[in-house]
Structures are given as C-alpha cells and as structure tokens.
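Worksheet for the structure shown next.
The values are calculated or read from the model by the stated rules, or taken from the named source; none is laboratory data. Fair warning: this is a prediction, and the values are worked out from it, not measured in the lab. With ideal geometry, Cβ positions are generated from the backbone for all residues, glycine too; neighbour counts draw on all protein chains shown.
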Amino acid sequence: MNGERERVQKVLARIGLGSRRANEVLISQGRVMVNGRVVELGDRVGPEDELAVDGRIYSTLPDAVTYLVNKPVGVVTTASDPEGRPTVMGLVPDEPRVFSVGRLDRNTEGLLLMTNDGGLAHRLTHPSFGVEKEYLVQVSGRISPRSLRQLREGIELDDGVTSPAKASLLDGGLLRLTIHEGRNRQVRRMCEAIGHPVVRLVRSRIGPIVDPKLKPGFSRPLTGDELLELQRAVHPRR
Ligand code: URA
C-alpha cells in the first residue's frame, strides 16, 4: 500500500456515480471490481489500478482534469512551437499540465479535448474504441449524391481506405461528416479525393461532447456528467 491509494468509496464519489450510501450498496452487491477482483467496503485503489463498475472501467486518477477547448484558426496543436506560433497550451491553465487528445490542423477550428489522463486520451483516439468525431465542412463546389455515397462507403486514400463515415448535407450546402478514425488531415484528404477541397473545417462534436456556446479561443473543464458520458462512450458495457 502507498499513500496514493484511496478508499474505493472515495473514488466512486469523485466519479459521481451516486451518493455515498449508493456506492456502498454497489460495493456490497459485488458490482465493483479492481483489477478484475470484486472489492469489499474499505478496500483501496491506486492510479495504476483498473476500477470497473458493472463491467465499465473508470479513471482513478486523483487529479485528473479534462478541458474542452474551442480552438480558433491559426492556433497550433502542440506543446511548444519552434516557430513561435500560438499553441493550444495558451488556451488552458498552466497547471496541472495537460496535453491534447489527438490534434486539429492549424487551420481547423472547433472542439478539442485536453487532459492529463493518458488512459482516457488513448481510448478517445484509438479507432478500435470507435468514438465519433463530427465535423462541419464548407467545401468548394456542390457535393453530389454520388460523392456523399462515396464518403459513406469509404474513400481510397494513400494510407488506405477510410472506414464508412456518416455524411449528410445541411442547409447552404454545408457538409456534416462524422468519422471515428483520426488519420492525419483525414477530412481534408477525403474531401479532396472527391474533388471538393475544404474551405472551412470545424469540429462540432467529440463523442457525446458538444458546446455551441463555447467561444473560439476559450476553454472550460468538463462537467461531472460530461466526464461520465465520455467514460461511457469509451467503455461500452461488456
Ligand atoms: N481532419 C482534418 O483534415 N483536419 C483536422 O484538423 C481534423 C480532421
């Protein structure tokens, strides 16, 4: 045992699963596991352990923090830029140190998560977890039904065929494209491949997370409910 280990009830309370009494009931019903073993009241859990409730895994990091950032055009998704351009680090508090979950191109706008929870970041970016990222895309030219179908079925890029995407046209010819891969410049390359280069690219949703009110250049911590929804999105019930 070391000093970082906390009582399971305390960690459950932080996750926001319910009242202290409700968490005690969860434990006594054998629905809470640490590293695959059913815990008892009073057992402890550390940051390196895997905590699961009803088969869903939750972060145990005591000082985990995750921000939602609305990245403006011109800001670089990197910890420090050798060319001295503004970076996303300037959009979040300095401490605790966080890093971006995946990246947006310098000229892409919209939602980006920044966290110090490496496990969460991994699950959000790895295609096998299938977390959706939705983009609103202004392209040059008018997208035909055939092009929409191509986007939905998969596009041949130089690093392989893209997974099927959700694609629809909104008022004004804006394209709404939802993908769950995170390849380099993927949306731009998909649109180029169908003959419609991107004019403006905005990420509007990451899994369950949306915030039309968050202004470009601003960030805020995720709420407890949002964190819970995010954990659910990356830990589908087994
Ligand atoms: N796809 C792109 O092409 N660029 C981004 O920034 C994100 C997704």
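Details
- Residue match in the range 84-96 (condition: in the same structural domain as G118 (by TED's automatic domain parsing) and either touching a Cys at 6+ places or on another chain (Cβ under 7 Å) or at positive phi (or both)): yes
- Number of residues in the range 44-100 that are assigned to a loop (DSSP other than H, G, I, E, B) and among the hydrophobic types (A, V, I, L, M, F, W, C): the value is 8.
- Residue in the range 127-140 that is assigned to a helix (DSSP H, G or I) and not hydrophobic (A, V, I, L, M, F, W, C) present: yes
- Once the range 175-187 is narrowed to residues that are within 9 Å of the ligand (Cβ to nearest atom) and either more than 24 Å from the chain's Cα centre (by Cα) or part of a loop (DSSP other than H, G, I, E, B) (or both), the residue that is farthest from F129 (Cα to Cα) is R185.
- Among residues of the range 188-211, those that are surrounded by fewer than 15 Cβ atoms within 10 Å (Cβ to Cβ) and away from the ligand (no atom under 14 Å from the Cβ), counted: 3
- Screening L170, L148 for residues that are surrounded by fewer than 17 Cβ atoms within 10 Å (Cβ to Cβ) and among the hydrophobic types (A, V, I, L, M, F, W, C) leaves exactly one candidate, L170.
- Residues of the range 188-225 classified as in contact (Cβ under 8 Å) with a residue 24 or more places away in the chain, under 27 Å from V161 (Cα atoms) and over 16 Å from the mean Cα position of the chain (by Cα), total: 13
- Taking the listed residues V25, V11, the one that is modelled with pLDDT under 90 and part of a helix (DSSP H, G or I) is V11, with no other qualifying.
- Filter result (surrounded by fewer than 21 Cβ atoms within 10 Å (Cβ to Cβ) and among the small types (G, A, S)) within the range 61-111: A64, G74, A79, S80, G84, G90, G102
- Criterion (touching a Pro at 6+ places or on another chain (Cβ under 7 Å) and either away from the ligand (no atom under 16 Å from the Cβ) or under 24 Å from K213 (Cβ atoms) (or both)) met by exactly one of V75, V101, V131, V92: V75
- Restricting attention to the range 142-167 and to residues that are hydroxyl-bearing (S, T, Y) and more than 24 Å from G102 (Cα to Cα), the residue that is nearest to the ligand (Cβ to nearest atom) turns out to be S147.
- Taken over the range 1-35, the criterion of being among the aliphatic types (A, V, I, L, M) and in contact (Cβ under 8 Å) with a residue 12 or more places away in the chain is satisfied by M1, V8, V11, L12, I15, L17, L26, I27, V32, M33, V34.
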